[in-house]
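The values are calculated or read from the model by the stated rules, or taken from the named source; none is laboratory data. Nothing here was measured: the structure is a model prediction, and the numbers come from that model. Here the Cβ positions follow ideal geometry from the backbone for every residue, glycine too, while neighbour counts run over all protein chains shown.
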Amino acid sequence: MDLKAREEEYFFKTYKRLDIEIARGEGCWLISKTGERYLDLFGGLAVNSLGYNHPKINEAIRTQINKYIHLSNLFLQESQVDLAELLIKNTGYKKIFFSNSGTEAMEGTIKLARKWGKEKGKSELIAFHGSFHGRTMGALSITGREKYRNGYEPFLQGSIFSTYNDAQELISKVNQKTLAVVLEFIQGEGGINEADAQFVQTISELREKFGFLLIADEIQSGIGRTGKFFAFNHLNIAPDVVVIAKPLGGGLPLGAFLGNERVADVFTYGVHGTTFGGNPVACSAGIATIKEIVENGGMQNAENIGSYLKSKFNELKLKYPNLIKDVRGRGCMLGIELKHEGESLVTEMLKNKVLINCTNTNVIRLLPPLILTKDEADFAIEQFDSIFSTLNK
Ligand SMILES: *Cc1c(COP(=O)(O)O)cnc(C)c1O
């Protein structure tokens, strides 16, 4: 049996796989078993920030595996502490906890918030329609997408949804019992929707008045992707807790949440923990990744190449007004809203050797590696242009 048939035989049907088999990756390109090269514009769904086969990540992994691959969290671990220091120095937060994934980091954050709010009588979590915070029961309880929620009820008590960017609705839902407001400053899965400055200002005023925690889910948008370290750094706001993951481990599983002084002393020995979280190999790869992004131009390139791509897509929007409805996002987190469903465009682009992702039915979501070059961006745009021109007929 071939690989595809074996997969279909053995796996629960949770993933719809692309119809190519990958042999290896190099920079922003994936090379198939038949030797064809594909430009990857979704970069492991925001994981491969430095593309594939990055020499510094590989070197960091090799160095660490020669020391130890796992050490229990009963031990101090140098790579954990080094990565924590790097993150804290770059963000100004006070404390960190490492997990294995985004969902787990969100789960830990909910627990942190609960413990913080217990004696204050605060218990309600407010999240937004269109949000995605993960698939465990806690994270799913604050995920505002029917597609992911259906059939998994009942959810965590006190999970409330409000409409993204609707200040009036949020005002009507916040009160003294509000424990936390959880949001993606740019919604990823929900279709690259950006929080507007006025809405964020309202959240800030409500937090001042009611004293809830503001939790930023930067799992997809964080660590330089939008041209600043966090997407919320483009706005005038300082969340109390920030959740990160995807690119954090340079391709290895790693997540974390960072908290400010308001939550710094909530956790005490033994009240939260994990066996694998903060794996030393993942942390070593993470150190190499963050240094490249922050100190070696990755973040700056994300900003530059992102604005370039965005301007090119805006040109395509003028050229194909009956195909493209809107162009959104920042840096290497862009959304092109189509006037038709996007799955066929994904298939056509695959034939033209460009890998794109479609979310929320009609939004092409681009999450290219932060190291994308102008030539690569131009190649992608040419392919979009050529396919849009055929679709236009
Ligand atoms: C991917 C994602 C998650 C979940 O992270 P996993 O590592 O898949 O568990 C949560 N929030 C956002 C915004 C994400 O993009």
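Taking segment 201-232 only, how many residues are in a helix (DSSP H, G or I) and either among the hydroxyl-bearing types (Ser, Thr, Tyr) or more than 14 Å from Met333 (Cα to Cα) (or both)? Even if it seems obvious, please write down each step before you answer.
Just the residues of segment 201-232 that are in a helix (DSSP H, G or I), to begin with: 201-210, 231-232.
Narrowing the set further to residues that are either among the hydroxyl-bearing types (Ser, Thr, Tyr) or more than 14 Å from Met333 (Cα to Cα) (or both) leaves 201-210.
Matching residues across segment 201-232 total 10.
Can you pull out the strands (runs of 3 or more DSSP E) entirely within segment 53-169 that have at least 2 residues that are among the hydroxyl-bearing types (Ser, Thr, Tyr) and assigned by TED's automatic domain parsing to the domain that holds Phe210? Give the derivation first.
Working: elements: 95-99, 124-128, 159-162.
The qualifying strands (runs of 3 or more DSSP E) are 159-162.
Given the criterion over 21 Å from Pro369 (Cβ atoms) and within 16 Å of the ligand (Cβ to nearest atom), identify the matching residue among Thr63, Thr34, Thr14. Let's see the steps before the verdict.
Numbers: Thr63 fails: within 16 Å of the ligand (Cβ to nearest atom); Thr34 fails: within 16 Å of the ligand (Cβ to nearest atom).
Within the list Thr63, Thr34, Thr14, the selection yields Thr14.
Could you check how many residues of segment 80-113 are more than 16 Å from the ligand (Cβ to nearest atom) and of a type in the set (Phe, Trp, Tyr)?
Qualifying residue count for the region: 1.
Just name the residue that is farthest from the ligand (Cβ to nearest atom) out of those in segment 114-172 that are over 16 Å from Leu214 (Cα atoms) and aliphatic (A, V, I, L, M).
Leu156
Could you count how many residues in segment 259-282 are closer than 9 Å to Phe98 by Cα and surrounded by 22 or more Cβ atoms within 10 Å (Cβ to Cβ)?
3
Please determine, by comparing only the residues of segment 106-153 that are out of contact with any Phe, Trp or Tyr (no Cβ under 6 Å at 6 or more places or on another chain) and of a type in the set (S, T, N, Q), which one is farthest from Asn260 (Cα to Cα).
This residue is Asn150.
Let me confirm something: among Glu194, Glu205, which residue is in contact with a strand residue (DSSP E or B) (Cβ under 9 Å, 6 or more places away or on another chain), in the same structural domain as Leu125 (by TED's automatic domain parsing) and acidic (Asp, Glu)?
On the way: Glu205 fails: in contact with a strand residue (DSSP E or B) (Cβ under 9 Å, 6 or more places away or on another chain).
Result: Glu194 is the single residue among Glu194, Glu205 that is in contact with a strand residue (DSSP E or B) (Cβ under 9 Å, 6 or more places away or on another chain), in the same structural domain as Leu125 (by TED's automatic domain parsing) and acidic (Asp, Glu).
Just one of (1) under 19 Å from the mean Cα position of the chain (by Cα); (2) in contact (Cβ under 8 Å) with a residue 60 or more places away in the chain; (3) not assigned by TED's automatic domain parsing to the domain that holds Gly134 trips up Gly255, so point out which.
Checking Gly255 against (1) under 19 Å from the mean Cα position of the chain (by Cα); (2) in contact (Cβ under 8 Å) with a residue 60 or more places away in the chain; (3) not assigned by TED's automatic domain parsing to the domain that holds Gly134, the one that fails is (3).
What number of residues in segment 233-267 are away from the ligand (no atom under 13 Å from the Cβ) and in a helix (DSSP H, G or I)?
First, the residues of segment 233-267 that are away from the ligand (no atom under 13 Å from the Cβ): 233-241, 250, 258-267.
Going one step further and asking which of them are in a helix (DSSP H, G or I), we end up with 233-234.
Of the residues in segment 233-267, 2 are away from the ligand (no atom under 13 Å from the Cβ) and in a helix (DSSP H, G or I).
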